[in-house]
Every structure is written in structure tokens, then in C-alpha cells.
Amino acid sequence: MMNNKYLLTVIIPVYNTEKYIKRCIDSILNQSFKYIKIIIINDNSTDRSSSIIHKFSSYEQVKIIENSYNIGQGESRNIGLNLVDTDYFCFLDSDDWVDTQAYETAVKALEENPICDIAIFGIKTEYENSSCSTLRYDYNNNIIDGDFAINLLSRETSQDTPISALIGNKVFRNSSFDKTIKFSNLTYEDTIFSYKALSKCKKVILLPKTYLHYYQRESSIMHSFSYKYIDDLIDNFVDLKDYLCEISSFNTKQYYSYFDKCCSSMLNSMLISTQNASEQKEYINHLCSQVISRMSIKDLINYLDINRIRKLLY
């Protein structure tokens, strides 16, 4: 049964973000749209995050969940997802924030366009220790088919602005969302969740406003690199293929185009965080061995942009 008091649920997983969590929550409470329920999942933080969160416990629209042990961002998001009882829902990372018109614009667009399952708005990247921001994704007002949205996500087409795999700029219609879609606790969980969700969409509405502020911390986990990132990427794509085959939506070209995009992004992160040439070579060899053992070589040869990856590495 849907909640009659609130229209939108915002799910916020929190782990050791004492410097940023208040800004995140305030950005939701200050929305022009007031029919918002906030679910905050504190994933056993070891800093002051919990005490800061509980300062908002008196707000009727705020629900706080305390994990007894650290279960990871993906599972924390799933806890919130299982509690959604509103017409719409979205996710916001605890170090990010949104502009005041974000959710009113997105919900209004979905209310006025019942054929649309997801509303997507633009993103600015904000940098720690810098007053500068970078416009990352900016869309024209447009309603597109779900299949074309996958093309934009995978960058199979270069004619339009690509859709970001980040989850914080998307508002979902609850009634049409496939409840079997969950976050993994692996790295790149946004990447796979976004693809799965878009693969079940009939229509997506792109909004011509940039509302999400994606905060890039110097200490961010994405600024380090290990073999786990490679293994998680492969595991995620094996899981994605299984899901797409199960719902009869597997498109070989789209799938490997998306893998190409994500693989290139991962390799770029590796090159930035790892300057040692022999270490880089070991990572690349590990990636190659994982790909060869777990993915279709024939399809990889046919669909990967080898020249682009070669330019990235050499």
C-alpha cells in the first residue's frame, strides 16, 4: 500500500561522512517540494556521523536505521529500497547534495508523463579543496525509449549527451520498478543497477536542469586501486548478463559497448592512482586473464573498441 502522506522517498546510506552528511540532509529538507520521506541508513560509522544524523530524528519525515555492523553501501541501499512505500524513490550519497528544485521538478515530470518510469537530471562535479565545479552531464528536455536510454548509457551512440551510471540523478517510479533489482556490495554497484533499471523502462524523461552536486573527495575510494576493482567489474558484468538473459533483454552490442565504457573508465582510474609501470602491467594482465576466463572472446573481439583502449594504455 502506497504512503498517502509522502510522494517521494530519498534513501541515504551513510558511512563515516561526518563532514558532509548535514549538508546532504539539509539539501533535502530545504527542497521546494515537501512531500518527501527520508530514510537514512547508518552503516556502523566509526566517526560522528551517527550523532549528527540523530539531530534530525525529531523530524517526522526522517527515518533512521542503525546497522549493528558494517554491511556495505549496496546492502544499506537495499535496506532502504525494501522500505519504500511512496509513489517515487531515489538515492543520494551522503557526501553529495541536490539543488532546491530537484525533486519537485522530477516528480512533476513523472506525474505529468505517466508513460515514463525514470526521470533523470544533470550533474555537476564538485571538488574537495576547490571552489570550481565541472558540468558533467546536461540534458535537453526529452522523452526517450528505454532502449535508446541504454544506448546513451553504454555510449553506443555518440549523437547525444550520454546518460551517467551514477544513481543520484535518477528518480524512479515505484509501481513500474522491478523489485528483483538490488544493489550488489561490489565496486561499481551504481553501474549495474542503472543498466538493469533502464533495461526495464518503457520511457525515460531527461530534464534540462543540473541539480545533483557529485562531490569528489581526495580520500574517495575511487582514488585508490586494487585487484578487487577488476574482479568486481567482471563479477558485476557476469551478473548483469545473467539478469538480462533472464528477462530476455540481452543485447550483445549494448552489453559489450557498456563493458568497453566501464573497462576504459576503470583502466583510467588505475593509471591515475598507480604510477609504477610494472604494477600497471600486473593489473592489466590480471584483467586480461579474468576477461578470457569469464567472458566471450568472440564477442569481445567483435564489439570492444580495442583502438580506444590501446590509446588509453599507450
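Only DSSP H runs of four or more residues enter the estimate; each adds -39500 (n - 2.57), and after division by the residues of the chain the mean residue ellipticity at 222 nm equals -13000 deg cm²/dmol.
Spin-label model, Q290/K253: points 7 Å from Cα along the beta carbon direction are separated by 2.8 nm.
Straight-line cross-link reach from K281 at under 17 Å between alpha-carbon atoms covers these aspartates and glutamates, not counting any fewer than eight positions away in the same chain: D231. Using the Cβ of H213 as centre and a radius below 14 Å, the other residues enclosed give a net charge of -3, where K and R count +1 and D and E count -1. Here the dipole of the chain is about 280 debye; that uses its Cα centre as origin and unit charges on the Cβ of Lys and Arg (positive) and Asp and Glu (negative). Listing V10, V98 from fewest to most neighbouring C-beta atoms within 10 Å gives V98, V10. Projecting the Cα atoms of N30, G122, I11 onto the charge dipole of segment 1-143 (Cβ charges, centred on the Cα centre) puts N30 farthest toward the positive pole.
Neighbours of N113, meaning other residues whose beta-carbon lies under 12 angstrom from its beta-carbon, give a summed charge of +1 when Lys and Arg score +1 and Asp and Glu score -1.
Ignoring aspartates and glutamates fewer than eight residues from K228 along the same chain, the ones with Cα atoms less than 15 angstrom from its Cα are E189, E279, E282. When both bridge partners sit in the chain, DSSP labels roughly 40% of those beta bridges antiparallel. Compared with the alpha-carbon gap, the fully stretched path from S57 to D147 is longer by 28.3 nm at 0.36 nm per residue. About the centre of its Cα atoms, segment 91-200 shows a dipole size close to 300 debye [charges on the beta carbon of Lys, Arg (+1) and Asp, Glu (-1) only; nearest 20 debye].
Residues whose amide H lies under 5 Å from that of V62, counting only those 5 or more places away or on a different chain, are I38; hydrogens are built 1.01 Å from N in the peptide plane. When only alpha carbons are used to place a centre, segment 242-295 and segment 58-123 end up 29 Å from one another.
We did not get these values from a lab; they are worked out from the coordinates using the rules stated. Note that the structure is predicted; figures quoted are calculated from it, not measured. We place every Cβ from the backbone using ideal geometry, glycine too, and count neighbours over all the protein chains shown.
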